[in-house]
Amino acid sequence: TKYDKNGILIWSKTFRTCSQSGCHPLLNFLLDNQNGEFFAFGQYDHNSSYRTGWIIKFDANGTIIEQKASSNLIRGATKTSDGNIVVAGGVGLTPTNAILMKFNPQNMTPMWSKSYSLTMPFSAQASSYGMSVYEDSNSDLYLYSTTDNNWTRCVVIKTNSFGTVINYSGMANYTAGALYAFDTRMSRTSDSGFIIVYGNRIKKIPENFSST
C-alpha cells in the first residue's frame, strides 16, 4: 500500500496470494531501491509444515517487474554502496543457520552467499535467523541474528564486504515467553552504533565492538 505525505491512499496491491488450504502468505521486509523500484521479501507458511520464500521487484506504481522463488527465508535487507543488495535471513526453509546473500538488483542474480552457525558464541539451536543487516562507511556488514529454542539468544556478526567474519558480539539470554526471535530488531544510530531490542531488553553497541 502506498500513501502520500498527507496519509492519502495512492494505490494498494495484493501480491503472492495463496489459494491452497492452510497456506499463509507473509511479507517480511520491504526495501526501497532508491531508483523508483522496490523489493518485497516474504514467504508462504503451509500449515506450519514447510515454507516457500519469495522475492518481488516492482515499480513505483506497484506493477511487478520480476519475481523469483527463494530457497531461503529473508527477514531484512540493505542497499550497499556499490549499488547491490545484501539480504539477511535463514538458510533453507526451516533455517538452522543465519545467512547473508548479496545480489544484483538489475537481474536479481546472486553474487555470493554465506551462512553462519550460531555455535558462536552459543551452542547449536533449533532455528537461526538473520533479522537485520547494515553496511558501514568501510563497506563492512553487520548481521543481527537470533536463535529460538525455548530461550532466545542474539548475536551481531561483523563481516567484510564479502561476508567473511571479522568479529561478533553475543547478547545475554532472556526467557522468550510470548516473545520470539521475530520480535527482535537492530537499528543504526546517528553516532555509528547500533540499538538492539531483544525481548524485554535494549542494548547499544558501537561499530568497533569486540568479540564477546
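The values are calculated or read from the model by the stated rules, or taken from the named source; none is laboratory data. Quick caveat, the model's predicted, so the values are computed rather than measured. Here Cβ is always computed from backbone atoms with ideal geometry, including for glycine, and neighbour counts include all displayed protein chains. SASA here: full protein model, heavy atoms, side chains in, ligands and nucleic acids out. Shrake-Rupley method; radii C 1.70, N 1.55, O 1.52, S 1.80 Å.
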- Hey, among LEU100, LEU9, LEU30, which residue is surrounded by fewer than 17 Cβ atoms within 10 Å (Cβ to Cβ), modelled with pLDDT of 85 or more and within 20 Å of TYR144 (Cα to Cα)? LEU30
- Message: Can you go through THR52, THR63 and tell me which one is without any contact (Cβ under 8 Å) to a residue 24 or more places away in the chain and β-branched (Val, Ile, Thr)?
- Response: THR63
- Message: If a residue must be open to solvent by 30 Å² or more (accessible area, probe 1.4 Å), more than 18 Å from THR164 (Cα to Cα) and at pLDDT below 85, how many such residues does the stretch 50-95 contain?
- Response: 7
